[in-house]
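Beneath this line is the structure, given in structure tokens, with notes to follow.
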């Protein structure tokens, strides 16, 4: 690898070395300390991917406090909820976002304003009037120039407190306790193994830093002495260009990015050298087996997958060979993790039987839900926790996810898992993506509904689609109702926003189950 490659954090045309980042983080920490931030306190960060995001997070962690990344797609009232629930007194945000909040920022909150950098301005439509520091806020750079580095006692550094997306009600803050030195070392080993992050890694992060796994990936990659490239947003050809230019070896991705990359023409793909890639890790949403296979054929056996949650961490791990040998698997149980598959009666199920997945990682520091400790108890059984997924482990030790327990459809007293039907739909020619869910039915209680997004330029015949499904599925699993929709609603992680598709049907029925 060329010795001329820059070492540090890269964002657009900006480059900042690790010494400069550490120095700025120490001064931010010093300023926050003098504002009264103590171990255990929270500081909210409302920014897109930016070097300043990392510096702010590192600074808060130095104080033994919790950096709280806020989903900047939230509406003002949702952002206000996180600010109030986290108990913060300080909000660090991009200037345009602070402008948009206006009166929504609670009284008593100190807002530190970060000017959106050129790469953000080039990728997002930002009102020029909102680039400057809003009234009542403090310009971060001017404030930083006056701060001395933090020189107080070294504190255990907790993980950032991530607010889960929340399928019902308000999101919950996952507040993990500060790790012991042994737990911190165990976490570092896990991130080296799962994320592929080792000293000197040249990492690329195209996903948002406010999400759990990208946040952990980015914060770790920024401390390994190689390089971390932040993308302001994912754009397929630019992604390949960055890999080529910066000789990227490690990337965190979601399956939607694979799908968008596969749409590039062979001519565009051939323009870029991707031979530096060593470890591509993906998670957050199911990856269609045919997409995974096509990506492995293109990039080689460098693609890995893990399954887990904000609460649990990574509990399974799959190599490229696993994905080819066992299509659809999320891999075997990761070292240090334990899994149980429980039936409705709470009893542990044998291999091959579908049950709710409970897990634990002995080396992980425990967590609670901020201000909602009772919610932590609701997902715990004998020290094992669940995120509500159901699945099974086969005779060879490979784990398969069937669905979310709450997504399970009970039609005429029969349990039906939409993920199985979605997998069958993905195999139908011309289907780009799909969502299967339950809608009200007077006779059966629930009936299956499928919304299908066709591949560009393809016209699907629903009668033919139904005929193909009947070849692979029992008749009762074939959706009674199907619709075509050009663009399915998605979350930033790439997951289809099923609630937006499903809720209108239940609202009309006046019930939720």
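The values are calculated or read from the model by the stated rules, or taken from the named source; none is laboratory data. Just so it is clear, the model here is predicted, and its values are computed rather than measured. All Cβ positions, glycine included, derive from the backbone under ideal geometry; neighbour counts span all protein chains shown.
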For this session: Select from region 329-346 the residues that are over 12 Å from residue 397 (Cα atoms) and touching a residue at least 60 places away in the same chain (Cβ under 8 Å) and write down the one among them that is surrounded by the fewest Cβ atoms within 10 Å (Cβ to Cβ).
Result: 335
Seminar exercise, completed: The correct count of residues that are closer than 24 Å to residue 157 by Cα and surrounded by 12 or more Cβ atoms within 10 Å (Cβ to Cβ) in region 367-387 is 8
Seminar exercise, completed: Sole miss for residue 443 among (1) assigned to a loop (DSSP other than H, G, I, E, B); (2) more than 21 Å from residue 323 (Cβ to Cβ); (3) modelled with pLDDT of 90 or more is condition (3)
Exercise. Any idea how many residues of region 173-216 are surrounded by 22 or more Cβ atoms within 10 Å (Cβ to Cβ), touching a helix residue (DSSP H, G or I) at 6+ places or on another chain (Cβ under 8 Å) and farther than 28 Å from residue 276 by Cα?
Worked result: 1
Problem set entry | Search result, residues across region 59-85 that are surrounded by fewer than 21 Cβ atoms within 10 Å (Cβ to Cβ) and part of a helix (DSSP H, G or I) | 76, 77, 78, 80, 81, 84, 85
Problem set entry | Residue identified as more than 26 Å from the chain's Cα centre (by Cα) and either surrounded by fewer than 20 Cβ atoms within 10 Å (Cβ to Cβ) or in contact (Cβ under 8 Å) with a residue 24 or more places away in the chain (or both) among 56, 104 | 104
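Return the residues of region 409-418 that are buried (at least 20 other Cβ atoms within 10 Å of the Cβ) and either over 23 Å from the mean Cα position of the chain (by Cα) or modelled with pLDDT under 80 (or both); say none if nothing qualifies.
Narrowing region 409-418 to residues buried (at least 20 other Cβ atoms within 10 Å of the Cβ): 409, 416-418.
Result: 409, 416, 417.
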Seminar exercise, completed: Residue hits (region 172-221; closer than 27 Å to residue 258 by Cβ and assigned to a loop (DSSP other than H, G, I, E, B)) are 195, 196, 197, 198, 200, 201, 206, 207, 208, 209, 210, 211
Exercise. Assuming residue 410 fulfils every condition listed in (1) more than 22 Å from residue 353 (Cα to Cα); (2) not in a helix (DSSP H, G or I) apart from one, which condition is it?
Worked result: (1)
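Got a sec? Which helices (runs of 4 or more DSSP H) wholly within region 286-400 have at least 2 residues that are under 30 Å from residue 265 (Cα atoms)? Step through it out loud before you land on a result.
Working: elements: 289-299, 320-325, 373-378.
Ranges flagged: 289-299, 320-325.
Within region 354-365, track down each residue that is in contact with a strand residue (DSSP E or B) (Cβ under 8 Å, 6 or more places away or on another chain) and surrounded by 12 or more Cβ atoms within 10 Å (Cβ to Cβ).
Within region 354-365, the first condition is being in contact with a strand residue (DSSP E or B) (Cβ under 8 Å, 6 or more places away or on another chain), and the residues that meet it are 354-362, 364-365.
Correct list: 354, 355, 356, 357, 358, 359, 360, 361, 364, 365.
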